[in-house]
């Protein structure tokens, strides 16, 4: 029986079919277990992570045995061949395109790489049609609050992007009703209101648009104590003017370049990497640079490349008043497709407020426009998880006013040779910085109070910041004594060395 016969639907009430039959999972624990395994399709999930999805608060005394009991029940419901035991955890044998939440992400990635608006719209529409309700609707576990919020955010962003494409194609009439439903469901999401007001304006319903603007203005003031943001105010000004609308959204109508602020959230409790931060600071120290400054951060998975790049970018963001662009190039793992430069450039041009109608259809033209828009502007560009130098080169600004930081598991030697990128090779944290990281997350007194357990944790995590952050979160969440966490890590380490692959 092949893994292609298993499919899992998470974008609404849980639905699963295995071997051509519908499987009913009445147990909340089994639904949660299947959902977390499906979200990591093809990747082993450690017992501790499975436990986080099964128990919100106090864990059972015999954790591993209890998780294994639930897995046995899930195997019985699905078929034993669908769940494999591996040294690193348990793996659901299902392909990503048979899990609707993962297929949704694949289609959004394809949309960003589309060569033309029609293809992009097709991918977005196919992605949105996968939704049947709220993600994980009948999975009762606090573990899914974060994944649910991220999926909903991506869904709304996809809706807004498709609305922009529809506005550019003159489909404003058919947009009004669905946008009205969405603004009712998300009344504080200004970006939806922007598109609704533009659609109403295109339909000649300016008075109605002005009424809705006043409604949302009052609601923002009453519930959040804030005024409408710049995009919404810009639409309001255009509604009051006599200029006819022209463009998919407010930025397109004025022709103004937006100021993107795309950096992910800064890393709370970031410590160490003093020398690395100093190396990055050198990128902006030149008084009169003659070329774009490029920093190339490389190192193995989990060593903290992205955390370093994002933390440094936040430190220097005020040096780049014209904005900060951030793109995940998805260069690794090698088993998946890397993001094509053409899709990234279109994404950046959109973030900079360039109307879709102005974007050339050929890649060379898009690169030229991208560099023209950035010329003379102080913009920080963070290109995360690059596969190789060839993927990065088309995304480099042409002038010296911008700074680029690239992260990759590869050394990106080509960038250093031909573009004079400054290489920064990250290794594991030295021992004192690993201790500092744990102290920042857990408190210095706890670290000092259990020195032997601290040493075990650092050793088992191999000095990797990601591993240390994960175990620190685990200790703080449940909470666990450091000695207990260290013992569990020892158990997992020994199990990984001895457990056979089933």
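Quick note: the coordinates plus some simple rules give every number you see, no bench work behind them. Given the structure is predicted, the values throughout are model-derived calculations rather than measurements. All Cβ positions, even for glycine, are placed from backbone atoms using ideal geometry, and neighbour counts span all protein chains on display.
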### Query
How big is segment 431-498 by Rg and Dmax over its Cα atoms, in Å?
11.0, 35
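Using just the alpha carbons, could you tell me how many Å³ per residue the convex hull of segment 60-152 encloses?
Working: hull volume 13.3 nm³, N = 93.
Hull volume normalised by residue count: 143 Å³.
Report the gain in length on full extension from residue 233 to residue 267: 0.36 nm times residue separation, minus Cα-Cα distance, nm rounded to one decimal.
Values: separation 34, 0.36 × 34 = 12.24 nm, distance 3.18 nm.
Net length gain for the segment: 9.1 nm.
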### Task
Note the angle between two axes, namely the Cα long axis of helix 431-442 and the longest principal axis of the Cα atoms of the chain, as a number of degrees from 0 to 90, rounded to the nearest 10.
80 degrees
### Query
In whole Å, what three semi-axes, largest first, describe the equivalent ellipsoid of segment 353-423 built from its Cα gyration tensor (square root of 5 times each eigenvalue)?
23, 14, 11
### Task
Run the numbers on segment 431-498 and let me know its relative contact order in percent, using alpha-carbon pairs under 8 Å that are six or more apart.
34 percent
### Among 401-407, 433-439, 420-426, the order from most to least packed when residues are scored by Cβ within 10 Å on average
401-407, 433-439, 420-426
### Message
More than 29 angstrom separation, counting every C-alpha pair in the chain; what % is that?
### Response
60 percent
### Message
Considering only C-alpha atoms, what is the centroid distance from segment 115-154 to segment 300-371, in Å?
### Response
22 Å
#### Entry: Length released on extending from residue 274 to residue 452, taking residue separation times 0.36 nm less the Cα-Cα span
61.4 nm
### Query
Using the alpha-carbon centroid of each, what span in Å lies between segment 386-425 and segment 19-95?
41 Å
### Task
Starting from the Cα of residue 411, step 7 Å along the direction of its Cβ; do the same at residue 290; then give the gap between the two resulting points in nm.
2.7 nm
### Summary
Across all Cα atoms of segment 1-134, Rg and the largest Cα-Cα distance (Dmax), in Å, are 16.3, 56
## Note on the structure
Heads up, segment 274-425 by the C-alpha gyration tensor (a ≥ b ≥ c square roots of eigenvalues; a/c under 1.5 rounded, else a/b over b/c prolate, else oblate) looks oblate
### Task
Report the residues of segment 146-167 in range of a label on residue 132: point 7 Å along Cα→C-beta, backbone N strictly under 13 Å from it.
none
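In terms of the Cα gyration tensor, with a ≥ b ≥ c the square roots of its eigenvalues, is segment 311-358 rounded because a/c is under 1.5, prolate because a/b exceeds b/c, or oblate? Numbers along the way, then the final one.
On the way: a/c = 5.18, a/b = 1.18, b/c = 4.40.
Oblate is the answer for segment 311-358, as a/c is 1.5 or above yet b/c matches or exceeds a/b.
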### Message
With only alpha-carbon atoms in the gyration tensor, what are the semi-axes of the equivalent ellipsoid for segment 284-350, in Å, largest first?
### Response
24, 18, 12
### Query
So, by mean Cβ neighbours within 10 angstrom, what's the order for 323-329, 116-122, 218-224 with the highest one leading?
323-329, 116-122, 218-224
### Separation of the residue 81 and residue 171 label points, Cα + 7 Å toward Cβ, nm
4.2 nm
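Assuming 0.36 nm per residue, please report the length gained on full extension of the stretch residue 301 to residue 378 beyond their Cα-Cα distance.
Working it through step by step, the gained length comes to 24.7 nm.
Semi-axes of the equivalent ellipsoid of segment 141-218: what are they in whole Å, largest first, if each equals the square root of 5 times a C-alpha gyration tensor eigenvalue? Working shown, then result.
Details: eigenvalues 134, 48, 12 Å².
Ellipsoid semi-axes (Å, largest first): 26, 16, 8.
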### Query
Using a basic spin-label model with each label point 7 Å from the Cα along Cα→Cβ, how many nm lie between residue 328 and residue 65?
3.9 nm
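How large is the Kirkwood hydrodynamic radius of segment 119-254, in angstrom, based on all distinct alpha carbon pairs?
For segment 119-254, inverting the mean 1/r across all distinct Cα pairs yields 15.9 Å.
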### P(r) of segment 192-241 over all Cα-Cα pairs, binned every 5 Å from zero, in whole percent
5, 23, 34, 23, 11, 4, 0
